[in-house]
Ligand SMILES: [Ca+2]
Ligand SMILES: [Ca+2]
Ligand SMILES: [Zn+2]
Ligand SMILES: [Zn+2]
């Protein structure tokens with residue numbers, strides 16, 4: 001299920017827009033989008049940002065929130081979808097991707113933090129890292145500005 | 001952080017009560033409780049059941065819902081807590097337990113289904129399986145009655 005690079009840029013841009021929104025709300029600036037690839041036209045099933053601050057939530061990381069935004073879906077839908085996320089997914093979100101057997105994950109950047117990429121690959125998930133400058137800049141700024149909130153988000 | 005067996009029975013009973021509530025609501029009958037062990041008196045920080053049916057949620061498995069019920073907690077709290085769950089935790093919930101470095105997981109049963117127990121152990125988490133007859137009976141009944149909902153819950 002390869003997507004042309006421009007479609008990946010579109011998916012990441014959707015996730016990044018959510019990350020920016022979260023940043024401007026004072027929240028953790030990580031965004032995600034679950035995109036279903038059906039024929040020629042991809043469909044954004046769900047897109048969301050981390051909700052730790054906004055909803056006082058310890059589990060609504062961006063990827064979990066995007067799955068939640070997409071709602072209940074049949075197994076076949078997940079298996080033809082790509083998860084876009086602005087930052088390397090943590091072990092919880094990695095587990096969610098594996099639970100639903102999402103075959104492909106596109107990551108904005110893994111310079112500021114690295115999550116469960118090895119576990120994804122070990123289970124045959126295609127992992128693409130775009131090394132996006134805007135994702136890197138936004139996350140770096142946040143970690144410097146609010147290290148306590150960030151540490152709480154990764155269980156440190 | 002060993003707990004006497006009677007405390008584990010108390011934690012599991014809390015989780016099982018939620019599982020039964022979910023069953024009577026027509027939902028997936030899995031319950032969980034996050035219990036903080038501080039000195040002599042354990043505290044139930046959060047307890048909840050699977051919310052797939054009740055809230056049309058693909059991510060509020062019992063363990064995720066219990067973490068959500070507990071709200072934002074400092075890292076040190078999770079590291080002195082036990083997660084009780086009526087059924088072996090899936091890979092998403094396993095990931096959530098690893099994210100927050102919860103050191104101990106007590107499982108009602110792993111006969112009807114086995115999740116990420118090996119990954120928990122590999123990361124040094126203490127895993128206790130109580131092989132509880134009531135957990136087994138409730139889950140077995142549900143899987144027979146609503147196989148489609150159950151399969152959806154495990155990404156099948
Ligand atoms: Ca959305
Ligand atoms: Ca509760
Ligand atoms: Zn995460
Ligand atoms: Zn689960």
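The values are calculated or read from the model by the stated rules, or taken from the named source; none is laboratory data. Not measured: the values here are computed from a predicted model. Using ideal geometry, Cβ is built from the backbone for each residue, glycine included, and neighbour counts are taken over all protein chains shown.
Among B:91, B:102, B:107, which is the only one that is within 14 Å of chain A (Cβ to nearest Cβ), touching a strand residue (DSSP E or B) at 6+ places or on another chain (Cβ under 6 Å), buried (at least 18 other Cβ atoms within 10 Å of the Cβ) and in contact (Cβ under 8 Å) with a residue 12 or more places away in the chain? The match here is B:102.
Exactly one residue out of B:61, B:123, B:80 is under 13 Å from the mean Cα position of the chain (by Cα), at pLDDT 95 or above and more than 16 Å from ligand 1 (Cβ to nearest atom), and it is B:61. One residue stands out among those in the stretch A:16-31 that are farther than 10 Å from residue A:51 by Cα and away from ligand 1 (no atom under 15 Å from the Cβ): the one that is surrounded by the fewest Cβ atoms within 10 Å (Cβ to Cβ), which is A:24. Of all residues in the stretch B:45-54, at least one satisfies being more than 14 Å from every other protein chain (Cβ to nearest Cβ), buried (at least 16 other Cβ atoms within 10 Å of the Cβ) and at pLDDT 95 or above. Considering the stretch B:26-42, and only residues there that are farther than 13 Å from residue B:138 by Cβ and modelled with pLDDT of 95 or more, the residue that is farthest from ligand 4 (Cβ to nearest atom) turns out to be B:36.
What is the one condition in (1) part of a helix (DSSP H, G or I); (2) over 22 Å from residue A:145 (Cα atoms) that residue A:20 does not satisfy? Exception for residue A:20: condition (2).
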